[in-house]
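The values are calculated or read from the model by the stated rules, or taken from the named source; none is laboratory data. This is a predicted model, so every value here is computed, not measured. Note that we place each Cβ from the backbone using ideal geometry, even for glycine, and neighbour counts take in every protein chain shown.
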There are 2 protein chains.
Amino acid sequence: MQTREFFVSAPGKVILHGEHSVVHGKVALAVSLNLRTFLRLQSTSSGEVHINLPNIDTFLSWEITALQPLLAGCKAEQGGVKELDADLLKRLREFTGISEDSTDTRSMAVLAFLYMYLSVFAESLASITVSVWSELPTGAGLGSSAAYNVCLSAALLSARGNISYPLTPQQESARWSKEEMELINRWAFMGEKIIHGNPSVVDNAVGTWGGFLRYHAGNITPLSWVPILRILLTNTKVPRSTKVLVSGVKDKINKFPSVMKPVLESVSAVSCACEQTLTEMAAHGPSAELYNILEELIDINQHHLNVMGVGHSSLDTLCRVTLARGLHSKLTGAGGGETDTSVIQSTVEELKACGFDCWETSIGAPGVQQHSSAALSQDIPKILHSY
Amino acid sequence: MQTREFFVSAPGKVILHGEHSVVHGKVALAVSLNLRTFLRLQSTSSGEVHINLPNIDTFLSWEITALQPLLAGCKAEQGGVKELDADLLKRLREFTGISEDSTDTRSMAVLAFLYMYLSVFAESLASITVSVWSELPTGAGLGSSAAYNVCLSAALLSARGNISYPLTPQQESARWSKEEMELINRWAFMGEKIIHGNPSVVDNAVGTWGGFLRYHAGNITPLSWVPILRILLTNTKVPRSTKVLVSGVKDKINKFPSVMKPVLESVSAVSCACEQTLTEMAAHGPSAELYNILEELIDINQHHLNVMGVGHSSLDTLCRVTLARGLHSKLTGAGGGETDTSVIQSTVEELKACGFDCWETSIGAPGVQQHSSAALSQDIPKILHSY
């Protein structure tokens, strides 16, 4: 261990365009959401491993000597990532008493942590305390599990010495090298597999790389420099099942193939047009005209989502409330534009009156980072230090 | 003249699918609207021609001797239709004092009437009184001018003896033969040209043939037997300019060609899927499942219209109010389905409270017909007789 404590963070994600058509081989555009998950890793000499997850009231610890036998038969991976070790996962489930069919957030977070900790530190289990706190709501499709896994992966790999500590004493925040981030991303995906079984590769990629990512036929391409855009994120809190929605879209495509296939084409083209507009923003600076194009594309995409049948009357309410003030809304909540603070404030008030949660945040922020304690807003180290 | 008086009627129209994409070479589906225009033609011995249009407070008459000189230089057309006679139209404008740039409803209705009367009766001007009364609102895109022109055309051609009187003494309503209807349609289109300059060929075709018509690249194909569907027609009374809307759609296609062209494809496919469903309804009888498909297609089309930017917040209000009761709405107001009378009544009340006009009517009704006086609801002959 090279340091007593350090901080990392990773962003959430929103799919800007193509959330459903990506399943059918079309281009999607994902972007980091600057609601972040923060992790503090502390080296200790307690002979114990602690995990503190205050958002979900989970505070657990284990004696290292009790964990050691779980590694019997495991090969040390030296920081390389292989396939998920199903035997180790099975032993962990038995050890923690988390059954095969359990999918609750706490159990999954604990399993992912223990799996990654044991795999990364297999050669020599270290005494550490890991505390994670997130600005992201869970289960809202905003990549909270991926941000958690990216933070765990970066922190554990750094603490183990598989990757560097990028932060120099003068810096407030720093990022890892491309190769190191690829390793972080691969380990984070392992955590995603544990939590989701068959996860999208997009969430952990956004958490790692940040910014805007083009996703097409399994390939992810980070866009070169793009603007950070202010958004008002709204959670209608209407529960939804991704599985049910995805299969509903599939049914609709089978029912009306000649009607739906061109819609998927159009969504793909919306993603590409958005990418092109962001690239222009990067080259020539943002302008009212380019913001208008982004807004038009968001409106078109939202209408297409309604065609696919994944809209909801609460989203129409949201769009109506925001459009009345010249703001543009979409499912999972991303919209760009320069707007007066007073307009934002009155919009937030009306949306809260509708029973929705609101966050003023931004999209396009950096991916996983190491932070100095001083760089974080006062509350965050306080929260992370209290465990 | 074979009879002292007779009655004809023609329906309005709605475009069920493809209203904007038809401009770009895609398939549209038009259907008759059972809000009808009624005409009474009476042979007189007054030596005068009277036209009474109570809906637009227009009651005019001319001495036949005063009209006769307008025909100087015209060739009698024997019921055949040639190109619009620009000289005759010019003389008519001078005679009536209606200037070149005048486009008001009254002036245009009078010009169309006089032009058709003089052309059809060129060989021997007859004393007649024509009274027209309509259930259709004017200027709402519901084909009111076409229904007027179709009635005029059928009545004048019958009175002149160019086509038959199809009604036999035992019948309440009757239709003309296919060849006669083609002639009615061509003369009605002449009236449309006078009123609109560059009219769509759809409106007079629907007024003539009734039922459902497929329109593609200038060709109109009436669908064979199709069901008559109950609808609730709503007029939001938001004024719109077809020209401005059409050019807005064109601009959007030029701005986002790769996004918009697939949307036009999809609208075309919606028209075809709707046609197929109506054909199935004709073959196997209507079912809840088939009604649901029609409703789904109407919703998809409405979302596509929003993508094209021709939606309006008043239409969203309308869709919300009706959807809350399980009814499906679209621009220009057509939606099918079997619904409880009490649901309809409460919906109508809420829509009227929004400031909208509502009609319970049907689509798919017959085109131009001759009626016995007894067959018409009591009020209509009364209205038509009072002038």
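A:Ser32 falls short of the stated requirement of being assigned to a loop (DSSP other than H, G, I, E, B) and polar (S, T, N, Q).
Condition check: in contact with a helix residue (DSSP H, G or I) (Cβ under 6 Å, 6 or more places away or on another chain) and more than 19 Å from A:Ser372 (Cα to Cα). Does A:Asp203 satisfy that? Talk me through it step by step, then tell me what you get.
Working: in contact with a helix residue (DSSP H, G or I) (Cβ under 6 Å, 6 or more places away or on another chain): yes; more than 19 Å from A:Ser372 (Cα to Cα): yes.
Yes: the conditions hold for A:Asp203.
Can you tell me which residues in the range A:241-264 are away from every other protein chain (no Cβ under 14 Å) and of a type in the set (D, E, K, R)? Explain how you work it out, then say what you get.
Taking the range A:241-264 as the starting set, the residues that turn out to be away from every other protein chain (no Cβ under 14 Å) are A:241-247, A:250.
Hits for the range A:241-264 are A:Lys243, A:Lys250.
Pull out all pairs, ordered by first then second residue, where Cβ-Cβ is under 6 Å, the residues are six or more apart or on different chains, the first lies in the range B:98-121 and is under 16 Å from B:Ala159 (Cα atoms), and the second is among the acidic types (Asp, Glu). From residues that are under 16 Å from B:Ala159 (Cα atoms), the pairs are B:Ser119/B:Glu77. Filtered by the rule that a residue be aliphatic (A, V, I, L, M), at pLDDT 95 or above and closer than 21 Å to A:Lys382 by Cα, the range A:120-153 gives A:Ile128, A:Val130, A:Val132, A:Ala147, A:Leu152. The sole residue among A:Ile98, A:Ile64 that is closer than 25 Å to A:Thr242 by Cα and more than 23 Å from the chain's Cα centre (by Cα) is A:Ile98.
Per this entry, A:Asp340 is counted among residues that are among the acidic types (Asp, Glu), under 26 Å from A:Thr236 (Cα atoms), modelled with pLDDT under 80 and surrounded by fewer than 14 Cβ atoms within 10 Å (Cβ to Cβ). Scanning the range B:273-288 for residues that are of a type outside the set (A, V, I, L, M) and touching a residue at least 12 places away in the same chain (Cβ under 8 Å) returns B:Cys274, B:Glu275, B:Thr277, B:Thr279, B:Pro286. Reported count of residues in the range B:259-289, each being under 19 Å from B:Leu223 (Cα atoms) and surrounded by 17 or more Cβ atoms within 10 Å (Cβ to Cβ), is 13.
Looking at this structure, is B:Arg40 part of a helix (DSSP H, G or I) and of a type in the set (D, E, K, R)?
Values: part of a helix (DSSP H, G or I): no; of a type in the set (D, E, K, R): yes.
Criteria not met by B:Arg40.
Filtering the range B:159-187 to residues that are in contact (Cβ under 8 Å) with a residue 60 or more places away in the chain and either of a type in the set (A, V, I, L, M) or under 30 Å from B:Ile98 (Cβ atoms) (or both) leaves B:Ala159, B:Arg160, B:Gly161, B:Asn162, B:Ile163, B:Leu167, B:Ala174, B:Met181, B:Leu183, B:Ile184, B:Arg186, B:Trp187. In the set B:Val259, B:Val226, only one residue is within 30 Å of A:Ser268 (Cβ to Cβ) and of a type in the set (A, V, I, L, M); that residue is B:Val259.
Residues in the range A:118-130 that are touching a helix residue (DSSP H, G or I) at 6+ places or on another chain (Cβ under 6 Å) and either of a type in the set (Val, Ile, Thr) or crowded, with 23+ Cβ neighbours inside 10 Å (or both): 1 in all.
Applying the criterion of being crowded, with 23+ Cβ neighbours inside 10 Å and not small (Gly, Ala, Ser) to the residues of the range B:137-156, the residue that is nearest to B:Glu48 (Cα to Cα) is B:Leu156. For a quick check of your reading of the model, give me the residue pairs whose first member lies in the range A:191-217 and is under 20 Å from A:Ser119 (Cβ atoms), whose second is among the basic types (Lys, Arg) and surrounded by fewer than 19 Cβ atoms within 10 Å (Cβ to Cβ), with beta-carbon atoms closer than 7 Å and at least 6 apart or on different chains. What qualifies is A:Pro199/A:Lys193.
Remark: pairs (first residue in the range A:258-272, without any contact (Cβ under 8 Å) to a residue 12 or more places away in the chain; second residue of a type in the set (D, E, K, R); Cβ separation under 8 Å; 6+ apart in sequence or on different chains) = A:Pro262/B:Glu265.
In the range A:290-299, the qualifying residues are those that are within 25 Å of the chain's Cα centre (by Cα) and within 10 Å of chain B (Cβ to nearest Cβ), and the one that is surrounded by the most Cβ atoms within 10 Å (Cβ to Cβ) is A:Leu297.
With respect to the conditions (1) within 14 Å of chain A (Cβ to nearest Cβ); (2) more than 18 Å from A:Asn306 (Cα to Cα), B:Val267 lacks only one, and its number is (2).
Counting only residues that are farther than 25 Å from A:Leu167 by Cβ, touching a helix residue (DSSP H, G or I) at 6+ places or on another chain (Cβ under 6 Å) and crowded, with 24+ Cβ neighbours inside 10 Å, the range A:1-25 holds 4 of them.
Pairs, please: C-beta under 8 Å, at least 6 apart or cross-chain, first residue farther than 14 Å from A:His385 by Cβ and in the range A:41-60, second among the basic types (Lys, Arg)? Matching pairs, first to second residue: A:Ser43/A:Arg4; A:Leu53/A:Arg106; A:Ile56/A:Arg106; A:Asp57/A:Arg106; A:Thr58/A:Arg106. Every condition in (1) over 23 Å from the mean Cα position of the chain (by Cα); (2) at negative phi; (3) modelled with pLDDT under 75 holds for B:Gly326 except the one numbered (2).
For beta carbons closer than 7 Å, sequence separation of 6+ or different chains, a first residue in the range B:123-134 that is within 18 Å of B:Phe59 (Cα to Cα) and a second that is among the charged types (D, E, K, R), the qualifying pairs are B:Ser127/B:Glu48; B:Ser131/B:Arg40.
Applying the selection to the range B:225-259, what residues are among the aromatic types (Phe, Trp, Tyr) and either more than 27 Å from B:Trp209 (Cβ to Cβ) or modelled with pLDDT of 80 or more (or both)? Spell out how you get there, then give the answer.
Narrowing the range B:225-259 to residues among the aromatic types (Phe, Trp, Tyr): B:225, B:256.
Across the range B:225-259, the qualifying residue is only B:Phe256.
As a summary of the residue check, B:Phe212 satisfies the conditions (1) crowded, with 22+ Cβ neighbours inside 10 Å; (2) over 21 Å from B:Glu265 (Cα atoms) except for the one numbered (2).
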